[in-house]
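Report on the following structure.
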């Protein structure tokens, strides 16, 4: 079974020596996301994500991956025992449940796309729309590749349409109207696979992005804005939303974003200033990150009290270059 990292409730995280990336990753763990789903959420490469998770497991902050395997041993033993039991008679009158297609399987996607292009696409749009409403597998998944929003609208009325089909549409459909129809259903937009597919879709409308990512924390918005796995158009929308959201959030959340990104978010917040409460929260923290200090020194809107606070830090007193960068800031003597 896939590893779904979760915090160890018996451990006081404040006693652990964690770097900013480890702290951020811990904030993303709720026990419901597996490692594959965490990749787009955190913006980390799969290799870096797994390495950081292993570091956290070693520190005792999260349940180790081995615990997943150990927890699965007992059910496996039961399966072996069940195989030794006499065969049970299956009622042939009961219909077999057809497994839902795996939208992440490249071979399955290729088969469904080929079916659509070779056998379904030649029908008129109205005819495809009518057929999609009653379609069963494999035609049901094949219709998810239809380029017409009218067909997607009817496809959504099919009682067999599920999450796997929503992921296919979110990945491959290329009209704003069709994507809007899929995202009306909150059960679909709450799915990590659908959200990841939408972010990587080059025609994702700004309206969908604002509606689904606007309520999310600043840290999540920043991860989209800085991710190299999404199109530039999506990153631009994310940067715009981040700037708009920043001024509306609490001082604690704004300070958290600046601290956890070590100031990397500041270039995206050009022209945005922070209030006195946010500045006071930042000034209450002992700073040991050289990158954070450099980013603050390059931030034209850095509050005077934050510059003064950084100048008093031990790491700055010992580093002449950092001290000069801060002293040259326009607000150093304000």
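Check whether at least one residue in the range 139-156 is farther than 25 Å from residue 190 by Cα, in contact (Cβ under 8 Å) with a residue 24 or more places away in the chain, more than 29 Å from the chain's Cα centre (by Cα) and part of a loop (DSSP other than H, G, I, E, B), and report yes or no.
Of the residues in the range 139-156, the ones farther than 25 Å from residue 190 by Cα are 139.
Narrowing the set further to residues that are in contact (Cβ under 8 Å) with a residue 24 or more places away in the chain leaves 139.
Retained after the next criterion (residues that are more than 29 Å from the chain's Cα centre (by Cα)): 139.
Keeping just the survivors that are part of a loop (DSSP other than H, G, I, E, B) gives none.
So far as the range 139-156 goes, no, none of its residues is farther than 25 Å from residue 190 by Cα, in contact (Cβ under 8 Å) with a residue 24 or more places away in the chain, more than 29 Å from the chain's Cα centre (by Cα) and part of a loop (DSSP other than H, G, I, E, B).
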Would you say residue 211 is touching a residue at least 12 places away in the same chain (Cβ under 8 Å), in a helix (DSSP H, G or I) and not assigned by TED's automatic domain parsing to the domain that holds residue 144? yes
Checked the range 34-48 for anything over 20 Å from residue 256 (Cβ atoms), surrounded by 14 or more Cβ atoms within 10 Å (Cβ to Cβ) and touching a helix residue (DSSP H, G or I) at 6+ places or on another chain (Cβ under 6 Å); matches are 37, 39, 40
For residue 223, state whether it is in the same structural domain as residue 323 (by TED's automatic domain parsing) and within 18 Å of the chain's Cα centre (by Cα). no
Hey, does the range 320-333 have a residue that's assigned to a loop (DSSP other than H, G, I, E, B), outside the structural domain of residue 18 (by TED's automatic domain parsing) and either within 22 Å of residue 21 (Cβ to Cβ) or touching a residue at least 60 places away in the same chain (Cβ under 8 Å) (or both)? no
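Yes/no matrix, rows are residues, columns are (1) crowded, with 20+ Cβ neighbours inside 10 Å; (2) over 17 Å from residue 28 (Cβ atoms):
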{"residue": "221", "(1), (2)": "yes, no"}
{"residue": "234", "(1), (2)": "yes, yes"}
{"residue": "253", "(1), (2)": "no, no"}
{"residue": "259", "(1), (2)": "no, no"}
{"residue": "262", "(1), (2)": "yes, no"}
{"residue": "274", "(1), (2)": "yes, yes"}
{"residue": "286", "(1), (2)": "no, yes"}
{"residue": "298", "(1), (2)": "no, yes"}
Scan the range 250-288 for residues that are out of contact with any helix residue (DSSP H, G or I) (no Cβ under 7 Å at 6 or more places or on another chain) and not in a helix (DSSP H, G or I) and jot them down. 250, 270, 271, 273, 284, 286
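The values are calculated or read from the model by the stated rules, or taken from the named source; none is laboratory data. Keep in mind it's a predicted model, so treat the numbers as computed, not measured. Note that each Cβ is placed from the backbone with ideal geometry, even for glycine, and that neighbours are counted across all protein chains shown.
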